[in-house]
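Okay, so here's the structure we're looking at.
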Amino acid sequence: GSAPEEEELDEGEDIEGCFPSASFSRFMHGKLPKEEVQEAVEKWVQEQIAESEEDQNDQTRGIWRECLRACQGRSPRSKTFYLKAMEFLLETLGKNDPEIILISGLQVSRIPDFAYALLESLPEVQSFSNDYLDLLMDFYPAYIEAYADSWVLECWHKEVLPRAKEVIVERLKEKDDEGRCRVLFESFDGTMLHSMGEWLRLGADPAGFLEPEEVEEFLKLHRQVQDYWLRWPAHLELVKAIATKDKTLLSSALDKANLNEDAVDGDAKTVSLLVLSMWKCWQRRWSEILLERQHINVDSGKTVWLPYDDLEIFKTILARPDIDPNVGAYSYGWHGSHVRATALGMALLADLDTGCCDHLLEGDSLLVAPRREIVEALANDPRVDLEDVFFEHFEEGEGMWLSALTFMECKSFGAIDLASAMVLMKAGALMSPGWVKLLEELDQGLQKDLNEELQQQLIQEQEEAGNVRQLQRTNLRGYTLFEDNSHVLRMNKSEILKSRIEGEKEVKEWYGIVKKGSLVFTSPKSFPPNFCRVAHALDSAFRKPLGRGVVCCILDFLPFYEFNRRRVPRSAFHKRVDVFGRPVPPCIYDMNQFQRKIRKKLEEAEEECEILEGENDEAGAEAGEKEEPEINETCWVQDASLRIEQVCPEDCEE
């Protein structure tokens with residue numbers, strides 16, 4: 001990648017009780033003498049020792065972790081910079097225990113150049129002793145499970161593992177009470193599956209819970225996962241190419257990245273490349289985490305905006321044969337609630353948050369191009385599912401599935417984008433009776449309501465013409481940033497209302513055609529594909545014996561919407577999810593399924609042992625002994641009968 005950028009001079013003041021970062025920054029930029037900064041650091045160290053109640057080793061490790069964390073700064077710097085910083089810290093604090101310094105530094109490493117500068121500064125540590133192996137083993141699982149930092153794998157295998165292999169192999173010989181490899185089973189039981197793969201490769205004995213064929217299957221999955229995450233840097237390149245419209249970077253990264261990758265923070269958010277390329281204004285969480293993965297720190301309240309208003313990048317990505325165009329975005333809420341929308345669903349809503357996913361006028365200002373163009377590009381792709389576009393699971397109760405048209409009908413607050421809805425109908429989207437009724441009632445005052453709203457909006461805009469707040473733009477390492485939620489200032493509500501009115505006129509003309517099925521022969525592009533197929537079949541079968549007139553009478557009798565049902569197999573975006581509904585990559589999903597399979601096997605074996613022990617247990621087996629009934633403490637079960645009301649036959653008939 002490009003050379004790292006030096007962090008700007010910290011002009012602030014040192015914070016009491018914290019490492020003197022401001023003084024350290026000034027020293028590194030030649031603004032303060034070394035002696036003055038050394039004095040400040042030594043004073044801070046003495047304060048930490050005086051306040052701490054930990055033993056000496058823990059104190060030393062904590063102090064070094066704070067120092068080395070501050071040394072990295074907020075953004076990447078050159079390796080030369082880190083070497084100079086390490087030289088200063090080692091001279092100031094000494095290196096009485098270089099091994100614990102190295103382990104502490106590895107624990108806080110976020111930047112490759114920093115990790116390698118740390119290793120280069122401590123050449124005497126060529127192996128780890130058994131004294132600090134627990135620290136190494138404790139931090140390694142979390143270190144390696146940080147999948148987004150793919151450089152960690154290389155650093156572990158090339159630098160850390162050669163220094164620790166000998167003592168780790170000895171530790172892997174330890175057994176638990178069941179005779180299993182203690183370290184291996186603890187990794188399995190704690191779902192540290194990547195670590196478990198490393199221990200197996202180092203010779204950990206799987207006897208006691210894994211059969212030879214299961215070990216082979218797991219190691220194959222482990223290799224797939226490692227190969228998968230090595231493609232993460234290319235994904236970040238695509239993120240940057242989308243945000244900056246760098247066509248050269250886009251072209252070079254498309255073949256190297258996994259185009260269905262949607263990871264953001266590994267917990268509450270996911271977003272696909274398609275969504276990033278069609279949302280003009282990214283959600284704040286997407287911006288913060290995706291830029292942080294590139295070691296770019298975004299000020300709180302800022303979000304990425306695409307510096308263009310066209311679909312060139314979007315269509316380039318959509319045209320790829322190896323992309324699943326249904327992969328969209330996911331958001332976790334509270335207590336298990338979550339929402340998941342495909343790329344088509346994301347084109348229809350105004351916000352992705354549980355309970356707040358609605359079809360609003362404000363949603364138009366989020367998109368990089370008119371919604372109709374985006375919907376048309378997606379709907380005309382035969383791989384796109386028009387039905388399972390939106391799923392929401394609330395804190396209580398079952399989940400709710402919505403198709404594209406049902407979402408626009410049920411989640412609309414304001415004028416529906418009828419032009420986009422028409423595109424979906426023409427593509428074969430399933431229509432509800434509500435949509436049929438809405439089309440029939442287009443002449444009954446909807447446009448009058450929109451015209452009245454437009455006139456009120458024009459008056460309001462004229463009154464506020466001199467009070468429009470200007471957007472504050474920030475450029476950061478090629479990214480364009482604006483204040484979060486400032487897309488509403490970009491919204492021209494009167495223009496959106498005008499487009500809704502024009503769209504309604506077009507839909508009226510279109511509906512006048514499609515409600516008369518015989519016009520399919522003169523205007524085939526107005527009708528859904530399935531109706532065109534039916535018309536062709538009837539014409540082929542009955543035109544010669546009965547004549548075209550009879551065929552047209554039959555087609556006039558058939559409502560076009562009765563044939564709307566374009567289905568594709570449900571996307572892995574909706575099928576490969578974790579217990580909180582979050583989409584996970586195929587290889588990660590397969591590895592988790594493997595763990596569930598082994599855990600189920602162990603639980604069944606444990607239950608079988610308990611049954612055998614119970615059969616041999618004579619206690620409590622006296623004749624006539626009665627078992628106490630189980631008490632169900634669930635209040636919902638206890639008072640269910642009180643909530644069930646009898647329904648009279650008349651109510652049933654009604």
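The values are calculated or read from the model by the stated rules, or taken from the named source; none is laboratory data. Small disclaimer: the values here were computed from a predicted structure and weren't measured. Cβ placement follows ideal geometry from the backbone for every residue including glycine, while neighbour counts extend to all protein chains displayed.
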Working carefully through the options 422, 408, 431, find the one that is closer than 23 Å to residue 527 by Cβ, surrounded by 18 or more Cβ atoms within 10 Å (Cβ to Cβ) and touching a His at 6+ places or on another chain (Cβ under 7 Å).
-> 408
Within the stretch 541-567, residues being exposed (fewer than 14 other Cβ atoms within 10 Å of the Cβ) and aliphatic (A, V, I, L, M) number 3
From the options 388, 381, residue that is assigned to a loop (DSSP other than H, G, I, E, B), at pLDDT 90 or above and touching a His at 6+ places or on another chain (Cβ under 8 Å) = 388
Does residue 178 meet the test of being within 23 Å of residue 136 (Cβ to Cβ) and at pLDDT below 95?
-> no
Test: residue in the stretch 58-72 that is touching a residue at least 12 places away in the same chain (Cβ under 8 Å), buried (at least 19 other Cβ atoms within 10 Å of the Cβ) and in contact with a Gly (Cβ under 6 Å, 6 or more places away or on another chain) | yes
Hey, any hits in the stretch 301-315 for a residue that's over 18 Å from the mean Cα position of the chain (by Cα) and at positive phi?
-> yes
Answer yes or no as to whether residue 272 is surrounded by 18 or more Cβ atoms within 10 Å (Cβ to Cβ), more than 23 Å from residue 333 (Cβ to Cβ) and either hydroxyl-bearing (Ser, Thr, Tyr) or touching a strand residue (DSSP E or B) at 6+ places or on another chain (Cβ under 6 Å) (or both).
-> no
Pair list, Cβ < 8 Å and 6+ apart or interchain, from the stretch 154-166 residues that are within 18 Å of residue 227 (Cβ to Cβ) to residues that are at pLDDT below 85 and of a type in the set (Phe, Trp, Tyr) = 156/140; 156/143
In the stretch 117-139, how many residues are surrounded by 11 or more Cβ atoms within 10 Å (Cβ to Cβ) and not in a helix (DSSP H, G or I)?
-> 5
